[in-house]
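Inspection log for the structure reproduced underneath, given as structure tokens.
The values are calculated or read from the model by the stated rules, or taken from the named source; none is laboratory data. Note that the coordinates shown come from a computational prediction; the quantities given were computed from them, not determined experimentally. Reconstructed Cβ throughout: ideal geometry from the backbone, glycine too, with neighbour counts over all protein chains shown.
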Amino acid sequence: MSKQPSLRIVLAKVGLDGHDRGVKVVARGLRDAGFHVIYPGLWQAPEAVIRTVADEDADWLGISLLSGTHMTLVPRLIEQLREAGLGHVGVLVGGIIPEADIPKLTELGVARVFGPGTPMEDIVQFLRDSGSRTHA
Amino acid sequence: MLDELFERLEKQDRLALARLLTLVAREEQLDVIRSRAGKRPEKTRVVAITGNAGVGKSTLVGKLAEYLRSQGQSVAILACDPQSPLTGGALLGDRVRMPSRPDDPGIYIRSVAAASGHQAVAEHVDVMIRVLGRYGFDVVLLETVGAGQGDTAVSELADVVVLLVQPESGDELQWEKAGLLEVADVVVVHKADLAGADRTEGQVKELLSLPGCRKIAVLRVSSTKGEGFEALWQAVLESPRHAAAADEDARELLRRAQEILAERFHRQGDRVGNVIDRWKRQELDEAQAADELLQLLAR
Ligand SMILES: Nc1nc2c(ncn2[C@@H]2O[C@H](COP(=O)(O)OP(=O)(O)OP(=O)(O)O)[C@@H](O)[C@H]2O)c(=O)[nH]1
Ligand SMILES: [Mg+2]
């Protein structure tokens with residue numbers, strides 16, 4: 001016997017800006033949609049994010065960036081995920097990302113970029129359609 | 001797949017550990033994992049930290065883990081948060097208050113969702129503890145979702161139960177009503193940096209001095225100031241470990257025996273139905289029917 005599994009998603013706020021309102025809204029939205037949302041808090045170093053994803057056996061990592069450092073932080077995180085044996089974890093990016101950078105990010109392995117104001121339903125639908133990477 | 005995971009677990013592979021805990025939470029091959037993980041090793045000490053919402057459980061667990069690391073002990077944390085009964089979703093935010101030590105292999109933090117209602121901890125935490133013991137942790141700290149419900153279950157899982165209370169302004173102490181002191185082995189007046197901590201400590205001690213109360217350590221801790229952790233751990237070490245582990249094994253054995261019995265009945269197929277039918281038609285009275293059923297098993 002096994003349960004209808006809830007997908008596990010780590011929502012990380014990387015970098016130095018101190019706003020986490022947006023992340024918290026998404027966190028609650030995903031919880032209400034039946035996800036298990038792990039929120040480790042503000043000011044996470046990339047190494048700490050990787051450790052959280054590993055220990056929590058997350059299916060997804062949602063990275064929130066507002067600081068315009070996406071082209072350095074996201075590639076670094078994705079590389080560290082792979083090095084840690086976590087290449088199967090799906091990566092989402094949320095924040096203000098210039099249109100031109102989105103294809104670059106998806107090429108690096110980001111599953112989807114969600115701009116500010118993306119309706120919650122879109123994020124939920126995307127995750128449901130993609131299913132569990134880890135435990136399919 | 002389990003063979004491989006357990007092999008990796010023996011080599012202290014964290015990803016294998018994390019995956020096994022996921023399987024347990026999802027009730028996949030639960031019985032196999034339970035028996036393969038085996039009995040919790042004697043050296044693994046399980047300490048539950050309970051208390052009302054906001055009393056500072058996560059913060060204290062985090063600080064206690066750091067103290068234990070400084071003493072050379074490896075620590076696993078199971079942090080339980082409630083799960084929505086409607087959607088099954090959960091916001092697991094206890095990590096926010098815990099240390100982030102990505103370079104330290106001696107600490108493992110796992111957030112688990114507890115079904116709402118009657119449980120203070122997530123389901124199958126007993127099996128998770130076995131897996132963590134198998135990995136080799138010296139200490140497992142178990143943060144409950146809050147005090148009040150399912151506390152006795154917690155005292156069966158843990159060697160020692162630490163109840164946190166905080167200085168309160170009102171005269172009416174919530175935890176007194178909840179009968180929480182009954183499950184506590186150690187009572188911590190947390191946030192001892194706040195005014196009124198000594199008064200609360202006095203009230204708790206007074207309650208515990210009533211005739212018939214077990215001897216329970218009461219001490220003050222401030223996570224903010226980092227004070228009281230050595231004394232807290234000393235009190236945990238001095239508190240007699242519950243016979244829980246032994247009881248758990250006995251329960252396990254009985255459970256297994258019942259399973260075997262059920263299987264045997266099942267294998268009898270129609271013959272069982274046959275006896276039941278005759279009993280329904282009153283050809284057999286209850287005692288005779290029961291006797292025939294047992295004779296079937298003896299065949
Ligand atoms: N003054 C003071 N505040 C503290 C102390 N420890 C924790 N807090 C504060 O208490 C609040 C709750 O802390 P948590 O650790 O989240 O409490 P919790 O019991 O885990 O809460 P839940 O998991 O939501 O039930 C936070 O605002 C902490 O900063 C302390 O030693 N002194
Ligand atoms: Mg907490």
Hey, A:ILE78 hits all of (1) within 13 Å of chain B (Cβ to nearest Cβ); (2) at pLDDT 95 or above; (3) touching a strand residue (DSSP E or B) at 6+ places or on another chain (Cβ under 9 Å) but one; which does it fall short on? (1)
If we keep just the residues of region B:13-40 that are surrounded by fewer than 16 Cβ atoms within 10 Å (Cβ to Cβ) and away from chain A (no Cβ under 13 Å), which is modelled with the lowest pLDDT? B:LYS39
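One line per residue, one yes/no per condition, for (1) more than 11 Å from ligand 2 (Cβ to nearest atom); (2) touching a strand residue (DSSP E or B) at 6+ places or on another chain (Cβ under 9 Å); (3) not assigned by TED's automatic domain parsing to the domain that holds B:VAL154:
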site: B:GLN71; (1), (2), (3): yes, no, no
site: B:CYS80; (1), (2), (3): no, yes, no
site: B:ASP94; (1), (2), (3): no, yes, no
site: B:ASP104; (1), (2), (3): yes, no, no
site: B:ILE107; (1), (2), (3): yes, yes, no
Does region B:81-97 hold any residues that are hydrophobic (A, V, I, L, M, F, W, C), out of contact with any Pro (no Cβ under 8 Å at 6 or more places or on another chain) and surrounded by fewer than 24 Cβ atoms within 10 Å (Cβ to Cβ), and which are they? B:LEU86, B:LEU91
Residue identified as assigned to a helix (DSSP H, G or I), within 11 Å of ligand 2 (Cβ to nearest atom) and within 20 Å of A:PRO40 (Cα to Cα) among B:LEU60, B:LEU21: B:LEU60
Candidates A:GLU107, A:GLU47, A:GLU83 - the one that is out of contact with any Leu (no Cβ under 9 Å at 6 or more places or on another chain), at pLDDT 85 or above and more than 14 Å from every other protein chain (Cβ to nearest Cβ): A:GLU107
Of the residues B:ALA53, B:ALA76, B:ALA65, only one is within 16 Å of ligand 1 (Cβ to nearest atom), surrounded by 21 or more Cβ atoms within 10 Å (Cβ to Cβ) and either outside any helix (DSSP H, G or I) or within 14 Å of chain A (Cβ to nearest Cβ) (or both); which? B:ALA65
Would region B:82-89 turn up any residue that is facing another protein chain (nearest Cβ under 9 Å), within 16 Å of ligand 2 (Cβ to nearest atom) and in a strand (DSSP E or B)? yes
Considering only region B:41-50, state which residues are away from ligand 2 (no atom under 11 Å from the Cβ), surrounded by 21 or more Cβ atoms within 10 Å (Cβ to Cβ) and either more than 16 Å from B:VAL161 (Cα to Cα) or of a type in the set (A, V, I, L, M) (or both). B:VAL46, B:VAL47, B:ALA48
